[in-house]
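Since the structure comes first, as structure tokens, the remarks are kept for the end.
The values are calculated or read from the model by the stated rules, or taken from the named source; none is laboratory data. What you see is a predicted model, and the numbers here were worked out from it, not measured in a lab. Using ideal geometry, Cβ is built from the backbone for each residue, glycine included, and neighbour counts are taken over all protein chains shown. In case anyone asks, the SASA skips ligands and DNA or RNA and just uses the protein heavy atoms, side chains included. Shrake-Rupley method; radii C 1.70, N 1.55, O 1.52, S 1.80 Å.
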Amino acid sequence: MQLRQLDAYTIEKAPISSIDLMENASREFCLAFMSKWNSDTPVLVFAGYGNNGGDALAVSRLLAERNYQVETYLFNTGTKGLSNDCEMNRQRLVEQGKVKLIEVTAQFVPPKISMNTVVIDGLFGTGLSRPLAGGFAAVVKYLNAASKCIVSIDVPSGLMTEDNAENNKDCIIHASYTFTFQFQKLAFLYPENQQYVGQVEVLDIGIIDPQQPFSDTPYMILEKGDVVSLLKTRPRFAHKGTCGHALLVSGKKDMAGCAVLSAKACMRTGVGKLTVHTQEANRSILQVALPEAILDVEVESRDKWSGVITKNLMNVNFYSAVGMGPGVGTDENAFSILSYLLTNSEVPLVLDADALNIIAAHPGLMEQVPPGSILTPHKGELSRLLGPTENSYEQMQMALQVAQQRGIYIIAKDAYTEIITPDGSVFFNTTGNAGMATAGSGDVLTGIILSLLAQGYSSADASLLGVYLHGLAGDFAAKKLCEESIIASDIIEALPEAFKFLRK
């Protein structure tokens, strides 16, 4: 609905006619197409009877003008005939006379598709609200089976733009590329839909984005402009006492690396002081790896949590912010520490990894999580917290409900990490890359967010800025190295470059 309203708003305010807006979209699509395939490539276009079909007919004409050999199938099977703009583009295509146009009004005879033919899918767009069935379902299945390369216009036909839980997965185009107009669609941001959308390119077609939305949507894309204004300037007379003191509970025996990564990321993000509560077995490792940190070591037991609430833990509200989770394990004493922090902390909390697994194993603890806390689960941890769901959209809706009920922030880590807020908003992060799918990457994010909280950032700002910074540092690491070679410590080392980039 928002996409249709944006189209209408642009047509009214630009001003521009709907057919000219369609021409803009088709022209941008063709430019993207021609950047990948030259005019020797045979092109087979499939157009529906709505406006997505109108786009496809315009694309056929524009490619033919550039000497591409184009054959087009127009499915004129709607009960109301073609949409107005689709009919106008049909007439333009016929008048041009360069494209072989096959208009299907009843039975469809499938063409043979050669290995080097690129199929352009323009059957259905964003207006689809139910699964494909009948003849169109058969066409989609045929194209998926017969085509080596399919390029979808705006949306792969058959894919609904939000929830696809009730969709027929066998009747959705499997695109190699999707050239989408103006904005990512919500369904594109979920991993289970990668098989349908392929590589996505967003094309600017001149849609006007109004200052105030005329239809409420909780879903937003997080971009550089959104986070630059969140960055604080460090005062000239700042000192370590004014830049926050964080407490990190991390690292059981043989998991010292988790504590090192979180602690290093925390300090590299600008916290004034950091105390790490860890086990005796990790003392030497942490002292060598991060001499800048203060250690609060459990001396009662070398190999496991003692269950003793140390003086530092007891004085939890002395700190500016507290983080717990990476590598702490899920034993009874780790449970006792978490329970104490949840019950007694009046400062912001960031909870990750094993802290979340402990909560999942003891659901009553969720009721004790203080408002304003930040939870940073990956998809598996989120599933354990919330229970099984049909797909990512349903999981996000459940997380949104919990965030609103508990007044907490949930950061669901993924390719497009979701920052889910207590006010009902969901931000999808745009930084980061597949190279960050490496052990310890989440521990780094915990340290970054903990540092921002300790420095006085609100839970909302720490969540948004922390996630964006984490992904941006990962992008700089990938640029310097390559995605396959990134390890978590590379993300930490790239944090200074990320900060510099945001401050430009």
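Quick rundown of the values:
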| quantity | calculated |
| --- | --- |
| Unique match (being in contact (Cβ under 8 Å) with a residue 12 or more places away in the chain and under 30 Å from Ala133 (Cβ atoms)) among Gln279, Gln195 | Gln195 |
| Residues of segment 142-157 that turn out to be under 16 Å from Ala32 (Cβ atoms) and not in a strand (DSSP E or B), as a count | 3 |
| Top-ranked residue of segment 261-300 - restricted to ones that are of a type in the set (Ser, Thr, Tyr) and buried (at least 24 other Cβ atoms within 10 Å of the Cβ), ranked as farthest from Ala488 (Cα to Cα) | Thr278 |
| Residue match in segment 200-211 (condition: in contact with a Pro (Cβ under 8 Å, 6 or more places away or on another chain), modelled with pLDDT of 95 or more and either farther than 22 Å from Thr72 by Cα or open to solvent by 20 Å² or more (accessible area, probe 1.4 Å) (or both)) | no |
| Scan of segment 97-127 for residues that are under 29 Å from Asp163 (Cβ atoms), in a loop (DSSP other than H, G, I, E, B) and open to solvent by less than 30 Å² (accessible area, probe 1.4 Å), ordered by number | Leu123, Gly125 |
| Failed criterion for Val94 (all others in (1) aliphatic (A, V, I, L, M); (2) part of a helix (DSSP H, G or I); (3) touching a residue at least 40 places away in the same chain (Cβ under 8 Å) hold) | (3) |
| Complete set of residues in segment 32-67 that are open to solvent by 10 Å² or more (accessible area, probe 1.4 Å), more than 19 Å from Leu143 (Cβ to Cβ) and without any contact (Cβ under 8 Å) to a residue 40 or more places away in the chain | Met34, Ser35, Asn38, Ser39, Asp40, Arg61, Leu62, Glu65, Arg66, Asn67 |
| Hits in segment 360-373 (condition: out of contact with any Phe, Trp or Tyr (no Cβ under 9 Å at 6 or more places or on another chain), of a type in the set (A, V, I, L, M, F, W, C) and in a helix (DSSP H, G or I)) | Ala360, Met366 |
| Given (1) buried (at least 23 other Cβ atoms within 10 Å of the Cβ); (2) assigned to a helix (DSSP H, G or I), index of the condition Ile419 fails | (2) |
| Filtered residue count, segment 44-86, keeping only those that are among the polar types (S, T, N, Q) and not in a helix (DSSP H, G or I) | 7 |
| Failed item, numbered, when Ser114 is tested on (1) of a type outside the set (A, V, I, L, M); (2) farther than 25 Å from Ala25 by Cα; (3) without any contact (Cβ under 8 Å) to a residue 40 or more places away in the chain | (3) |
| Leading residue by the ranking (farthest from the chain's Cα centre (by Cα)) among those in segment 307-345 that are over 20 Å from His362 (Cβ atoms) and among the small types (Gly, Ala, Ser) | Ser320 |
| Lone unmet requirement of (1) at pLDDT below 95; (2) within 25 Å of the chain's Cα centre (by Cα) for Val228 | (1) |
| Of residues in segment 432-444 being out of contact with any Lys or Arg (no Cβ under 7 Å at 6 or more places or on another chain) and touching a residue at least 60 places away in the same chain (Cβ under 8 Å), the one farthest from Ala478 (Cα to Cα) | Asp443 |
| Filter result (open to solvent by 10 Å² or more (accessible area, probe 1.4 Å) and of a type outside the set (S, T, N, Q)) within segment 158-174 | Met160, Glu162, Asp163, Ala165, Glu166, Lys169, Asp170, His174 |
| Filtered residue count, segment 374-402, keeping only those that are within 18 Å of Ala361 (Cβ to Cβ) and outside any helix (DSSP H, G or I) | 6 |
| Any chance Gly307 is closer than 15 Å to Val249 by Cα and touching a residue at least 60 places away in the same chain (Cβ under 8 Å) | no |
